[in-house]
Amino acid sequence: MTDFPAEISSLGYVVLGVKDFDAWTVFARDILGFQVCEREDDQSLALRMDERLQRVVLEKNDADDLLEAGWEFDTEEQLTRYVEQLRAYGTRVEQASAEECRRRSVETLYCCDDPNGFRHGFYYGPWIALMSDGFRSTVMRGAGFETGVLGLGHIVTRSADAKKTIEFYRSGLGLKISDYIRADVIPGKTFDVTFMHTASGRHHSLATGELPGEKLLGHLMVQVKDMNDVGLAYDRCLAAGLPIVMHLGHHPNDQMFSFYVRSPSGFAIEYGHGGIVIDDATWKVTTYSRLSDWGHQRGEPPRG
Ligand SMILES: [Fe+2]
């Protein structure tokens, strides 16, 4: 049960500020299997993963980092009640203009700042492509990305003050704790990450900790329906000579089989299959002492 009458359904979109559109176009389309669509302003690219007009928005920006996490609600009523809750918590929430809604391809959007410097968007009514313009990947062989009610995937972010940030995510945003990983990954450096989920139950939509590095975004995870598409993407990364941050492996908490590749912006993309879905009625929060059951051998470090 929850104290939040209105809950976020899923992580519906992310906005990444990136420098190099050409490198990202090739990486997203030919390596990861997204469909890349240019927007009319040439300042942004829309990456499609399904019937939505966009799931990952690339905006031209020198930050090479996360700009916005877009949280989806099923109905306008849920969204309105949620915004009231968030304001009652003491958070400054602004309603976005019609132009901003158009850029995010949603019906109604509200925004607030994250304690770490990116923005949270809260919306309902995502825009859908016509049937004649169905999602097409030039490289994927299976049934596509695992999105739908579970949202686009997950993000792992760096918090300057993890305790304060997690308190805001739980009590302000209403995210629920999935579990914790506290592991000595490198001698003397503890990987201490808190994993959180939304109502639709993808094991985590957001995880955070005081992780080494400068960027807000540690990695963005996208999940595919066919395990073979993970292997095929891994082979494409190796063939293209891309820096593998962590080789194929398996996480003990979300059960994800995945690898991590460094994106043209420096942060990593996790490409995975098999992540579990949480049922809050039976879920118990646990702590893990290892990042991986097997594999995930370290390769090139992320940049920044
Ligand atoms: Fe991940």
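The values are calculated or read from the model by the stated rules, or taken from the named source; none is laboratory data. Only a predicted model underlies this, so the values are computations on that prediction, with no experimental measurement involved. Note: ideal-geometry Cβ built from the backbone for every residue, glycine included; neighbour counts use all protein chains shown. Calculation scope for accessible area: heavy atoms of the full protein, side chains included, ligands and nucleic acids excluded. Shrake-Rupley method; radii C 1.70, N 1.55, O 1.52, S 1.80 Å.
At a temperature of 20 °C and a viscosity of 1.002 mPa s, determine how fast the range 10-133 diffuses translationally according to Stokes-Einstein, using the Kirkwood radius over alpha-carbon pairs as Rh; express D in µm²/s, rounded to the nearest whole number. Once the numbers are plugged in, D ends up at 141 µm²/s. The chymotrypsin sites (Phe, Trp or Tyr not before Pro) found in the range 46-123 that occupy coil by DSSP, while having at most 14 further C-beta atoms within 10 Å, are Tyr89.
Applying 1/(1 + (r/R0)^6) with r as the Cβ-Cβ distance of Ala98 and Ala143 and R0 = 30 angstrom yields a FRET efficiency of 0.25. Over the chain, accessible surface divided per residue gives 43 Å², non-protein components excluded, 1.4 Å probe.
Using DSSP to call loops (not H, G, I, E or B), can you name the GluC sites (Glu not before Pro) in the range 138-225 whose Cβ has at most 11 other Cβ atoms within 10 angstrom?
Glu214
Among the protein heavy atoms of the chain, carbon and sulfur supply 50% of the accessible surface, probe 1.4 Å, non-protein parts ignored. For the chain, the alpha carbon convex hull comes to 126 Å³ per residue, rounded to a whole number. Entry note, the chain: relative contact order of 18 percent, from Cα contacts under 8 Å with a spacing of 6+ residues. In the chain, the calculated helix contribution to ellipticity at 222 nm averages -4000 deg cm²/dmol per residue, counting -39,500 (n - 2.57) for every DSSP H run with n ≥ 4. Please check which bits of the range 270-304 a label hung off Asp226 would reach, taking the label as a point 7 Å along Cα-to-C-beta and the cut-off as backbone N under 16 Å. Under 16 Å, as judged by backbone N against the label point of Asp226, lie 272-274 of the range 270-304.
Put the Cα centre of the range 215-241 next to the Cα centre of the range 135-183 and the gap is 16 Å.
The loop-placed trypsin sites (Lys or Arg not before Pro) in the range 244-304, going by DSSP, that have at most 15 neighbouring Cβ atoms within 10 Å of their Cβ come out as Lys284. All other residues whose Cβ lies under 9 angstrom from that of Gly153 are scored, Lys and Arg at +1 and Asp and Glu at -1, for a net of 0.
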